Amino acid sequence: MEQVTAPPIDWGAMAPLLVVLGAACAAVLVEAFLPRHQRWPVQVGLSVAALGIAGLALGLYAGGEPAGITTIGDALAVDRPTLFLWGTLLALGLGSVLLIADRSVEPGGAFVASAASRAAAGGSAAVAYDPTDPDRSYGSPDQVPTMQTEVFPFTLFALGGMMTFVAANDLLTMFIALEVLSLPLYLMCGLARRRRLLSQEAAVKYFLLGAFASAFFLYGLALIYGYAGSVRLTDIANASAGSARSDTLLFAGLALLVVGLMFKGSVGPFHTWTPDVYQGAPTPVTAFMGACTKVAAFGAILRVLQVAFGATRWEWRGVLWAVAIVSMVIGAVIGLTQTDIKRMVAYSSVAHAGFLLIGAMAVTPQGVSGTLFYLLAYGFTTLAVFGVISLVRNADGEATHLSQWAGLGKRSPLTAGIMTFLLLALAGIPLTSGFTAKFAIFAAGIADGMAPLVVIALVASAVAAFFYLRVIVLMYFSEPAADGPTVTVPGAFTTAAITLGVLLTLLLGIAPSLALDWASGGGFVG
C-alpha cells in the first residue's frame, strides 16, 4: 500500500487565518450553548480578541521579513501581498465588528432579535418585547431589545473566507473561499431591524446573482483545467506560456472566471447587485461589504492576473480596458442621478472599481503596490462614510434620502465636517488618502502604457466629484427642514470605528510612505 504523506504546514504563516476561523467556530458554540442575554458581550469580546490576536500573529510573522512561501500542499501562498491584504482585512474587520456591535445608535442594534421573526406590514416583526424575559424575541424597533448575535460568527466566517480568497494559490481553493465569504454575507444582508422587506429583498437579489456569478467562476475553472490539466496558478501560467494547443479553452475559461471575480468586486457591468444590496442591507453590513469585500475581490483579481495570466496579458488586456471604462462611466454617470446616499456610495464604488482595475491590469510591481495601497485607503474611507450615514436618523430609522441631509452643517457641524472630509477623500482631493491612492494607480497605468485609459479615468473622477460636492453643498448651503432628521450621538463602538477611518484617511494622505513601502515589499509567489 502506498504511504500517504501529509503536506507540510507553516503554522506561523497560517496563524492569522487559523485564529479567525477558529474564533468563528467558537462563536457558533457560543450561539448554541449560552442564553440569549449573555451572548452579546461574549460575542463582541471574542470577535475583537480574535482580530487582535490574529493581527499580533501577523505582525510577529511579518516582522521577521519572511520570504514568500506556499503551504498546505501549495494551496495557499503567503507572500508580501498576502500579508498586506491580511493586515488590511483584519483592520477593516475590526472597524466593521465595532459598527455591527453598536447598540446605541439603533436601540438594541441594527439587527433583528430573531432572524425568523415574522414581518408585519410596516416591515417590523409583530412579536412584542417582554423586558422580564431576556430570551424572548421581539420585533418593534421602538422597544429596547436584544439583538441577533448570529451576525458575529457570520462576520468572522466571511472574514476568514476573504483571507483565504486573497491567499489562494489554486482556483479550486479560491472557489471554496469565495463561497465561504459569500454565504454569510447573503444572510447578513437580510437581518436589518428596520425596513425588513427591503433588507430581505436585498438578500435574495444578492444570493441569486451571487449564485450565477459563482457558476460562471466554476465553469471557467473547469475550462481552464481542461486546457492546463491543473488548477494551480503557476501550472496555468506554464501551460499558457509553452503550449502549442489552441488557446480557446484558456481564454474562454478566463472570461468566465473574470465575470465571477468582477461581480464580487462590483465592477461594471457586473455591478447590478451593488446599489440594491448597499441600500437594503443593515448599514454596518454595507460598511463591511463595501470595505472588506472590495479588498478581497481585487486581491484575488491581482493574484490571478499576475501569477496565472501575466504572460498572456496582451491577449486579455484590451477586454479589461473596455470593462474598466464601462465601470468608470456607469459609476460616475449613474451616480449623478441617485437620490439615496447609500445608492450614491454604491455607484461610487463601481467607479472606484474601474480605477482599481487600471492597477490590476498593470502587471508590474508598481501596479501591485498602487492597487494594494488604493484598497487600504478606500476601505477605511468607506468604513467611516457608512459609520456617519448610520448617525443621521429620523423616526423611521436612517435618513438616507439626500433631501434629508439639507442643512446638516447647521444641525451638527462636527458630523457634517467629518462627512465632508470623507467625501473629498473619495473624490481624490489632495491631503487625503484618496488623492495619494489615485496618484499611485494612475502613475502605474501611465508607466505601463495605459495613458489613454488614465485620461478617461481622470475625466470620470471629475464627473464623480460632482455628486460628492452636491452632498457637501446640501449640508452647508441649504436650510434644514423643521421636521428634519437629527444626528444621533454615537456610542463608543461607532465613535471608535469612525475615528479609525478618519485618522487613517488623513494619515495615508499626508504620510503615505510607510504603507506604500510595505505594499512594495515584494511580489507574488506561486
Normalised contact order of segment 417-526, rounded percent, pairs of Cα under 8 Å and 6 or more residues apart: 42 percent
Label-point separation in nm, Val204 to Ala255, each point 7 Å along Cα→Cβ: 3.3 nm
With 10 Å bins from 0: P(r) over the chain, alpha-carbon pairs, percent: 4, 19, 31, 27, 14, 5, 1, 0, 0
Label-to-label distance, nm, for residues given as Ile9 and Thr272 (7 Å Cα→Cβ offset): 4.2 nm
Gained length - Ala222 relative to Phe439, 0.36 nm times residue gap less alpha-carbon distance: 74.3 nm
Most positive-pole-ward Cα, Val368, Phe435, Thr486, against dipole of the chain from beta carbon charges: Thr486
Label-point separation, Thr339 to Thr486 (7 Å along Cα→Cβ), nm: 2.6 nm
Segments 443-451, 152-160 sorted - mean Cβ within 10 Å per residue, highest first: 152-160, 443-451
Mean residue ellipticity (222 nm) of the chain, computed from DSSP H runs ≥ 4 via -39,500 (n - 2.57), nearest 500: -22500 deg cm²/dmol
Most to least packed among 349-361, 79-91, 398-410 [average Cβ atoms within 10 Å]: 349-361, 79-91, 398-410
Rounded Å value of the spacing that divides the Cα centres of segment 467-489 and segment 1-72: 43 Å
Contact order normalised by residue count of the chain, Cα under 8 Å, 6+ apart, percent: 16 percent
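Read-outs: derived from the displayed coordinates by stated rules, not from any lab. Not measured: the values here are computed from a predicted model. Here Cβ is always computed from backbone atoms with ideal geometry, including for glycine, and neighbour counts include all displayed protein chains.
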